[in-house]
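The values are calculated or read from the model by the stated rules, or taken from the named source; none is laboratory data. Only a predicted model underlies this, so the values are computations on that prediction, with no experimental measurement involved. Cβ atoms come from the backbone with ideal geometry, glycine included; neighbour counts cover every protein chain shown. The accessibility values were calculated without ligands, DNA or RNA, using every heavy atom of the protein model including side chains. Shrake-Rupley method; radii C 1.70, N 1.55, O 1.52, S 1.80 Å.
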Amino acid sequence: MSNFHSTLSRRDFMKALGLAGAGVGAVSAAAPVFHDVDELTASSGGVQKLPWWVKEREFKDPTVPIDWQNLPKMEGVFPMQAKPTLSAQERYAMGIPGGSSGTWASPEQAQVLFDYMKKEFPGWEPGYAGLGDNRTTALFMATKFMRMGMWPGEINMGGNRVNVAKAISAAGGTATFTSFLGLRSSETLRPQDFGVPRWEGTPEENLLTLRQVVRFLGGCDVGAQEMDSDVFKLFHEKSGKKQLVIENVDEAAETPTKLVIPAKAKYILQWTARQPYESTRRQAGEYEDAAVYWSYQRFPFVGAIIQEFIHALGYTAVSTHLSGYHSSAVATLTGMGEHCRMSSPILVPKYGVTNRAMWVIMTDMPLMSTKPME
């Protein structure tokens, strides 16, 4: 039996909920019932509910000092190592597993990691693919499907093997369903299409609405920051092979050489999503990363839906997905978390680093800026 006892009395607890003196029936009657999105939005208090020990800092002033004047604009993400030319089977025959997980490591580097993991996790073995035992490997293999928004290669459809990626490419499409402009499905109509004014809210109401949509779709929290020339330095010069530029135009556009963000789309929306907690805590380094891949399978699609939602409200919503910005750097500005000693992850007060803050959308829907945290 635990020796821990709360020092908070039941009366104080109920008082904090605004229910002091209420009976069970009254408490049940006070439970909120939402009839529409307006009521759902109005039910929220502050946009970010932070623990008492977290302090807010000034805009563009995270705990890591930034020399904005001399901060260079980056060309792209950190360099990716070329994948080993050996096949998965050849690697395994050499006694160096890692066929599916060898993106970041050469065979020699993989062996160093495997040796360390065996020391760190007694009894751990890399298995045939460097991912642990067969069940762990099978979960990883399953979560690879359509990760990062990628169209699948050959899959079973109607009793036939169909290469979806190849068919979409032949039709002029791209390797992913994620898009700078958003999918803009023909089924997603806007108020303007009917001569109806678009929905208008205050910047705070807009951000609260988007938070509720993010949570409805399985995400967690939202943050926002207004774009200026400093903040734009955290976006790469190029996304893929196309120049990322801001221009005074009415509509976002994608050409063969550039991605055009309208100057009016100056509001950055960022949102977070939880990863499976226990599997994130217990994964052996980067290798047993089914929890990571599950996030990368689900949430690019969620991001595409959020773009559709903003578009259906009558606003612009563009995204460079994972290749056009430094997500963790942006997250320090939007108050999604704090830069920490683990380098690339963002430390979130409520969830540690079992959480992803990858997702950024730029919009002309006015959003209240949220502050960096300490």
Which of the residues belonging to region 147-194 are under 20 Å from the mean Cα position of the chain (by Cα), at negative phi and outside any loop (DSSP other than H, G, I, E, B)?
147, 150, 176
With (1) within 30 Å of residue 316 (Cα to Cα); (2) touching a helix residue (DSSP H, G or I) at 6+ places or on another chain (Cβ under 9 Å) as the list, and residue 169 as the residue in question, which single condition is left unmet?
(2)
Of (1) open to solvent by less than 20 Å² (accessible area, probe 1.4 Å); (2) within 30 Å of residue 135 (Cβ to Cβ), residue 306 satisfies every one except (2)
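Could you tell me whether any residue of region 232-243 is loosely packed, with under 13 Cβ neighbours inside 10 Å and part of a strand (DSSP E or B)?
Initial filter on region 232-243 (loosely packed, with under 13 Cβ neighbours inside 10 Å): 241.
Narrowing further to those that are part of a strand (DSSP E or B): none.
There is no residue in region 232-243 that is loosely packed, with under 13 Cβ neighbours inside 10 Å and part of a strand (DSSP E or B).
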What about residue 195, is it buried (at least 17 other Cβ atoms within 10 Å of the Cβ) and either at pLDDT below 90 or more than 17 Å from residue 317 (Cα to Cα) (or both)?
no
Selection status of residue 139, in a loop (DSSP other than H, G, I, E, B) and either at pLDDT 80 or above or farther than 24 Å from residue 339 by Cβ (or both)
no
I'd like the residue in region 289-326 that is modelled with pLDDT of 85 or more and of a type in the set (S, T, N, Q) and, out of all such residues, is farthest from the chain's Cα centre (by Cα).
316
Consider only pairs whose beta carbons are under 9 Å apart and that are at least six residues apart or on different chains; among these, list those whose first residue lies in region 212-228 and is under 16 Å from residue 275 (Cα atoms) and without any contact (Cβ under 8 Å) to a residue 12 or more places away in the chain and whose second residue is open to solvent by less than 10 Å² (accessible area, probe 1.4 Å) and not acidic (Asp, Glu).
215/222
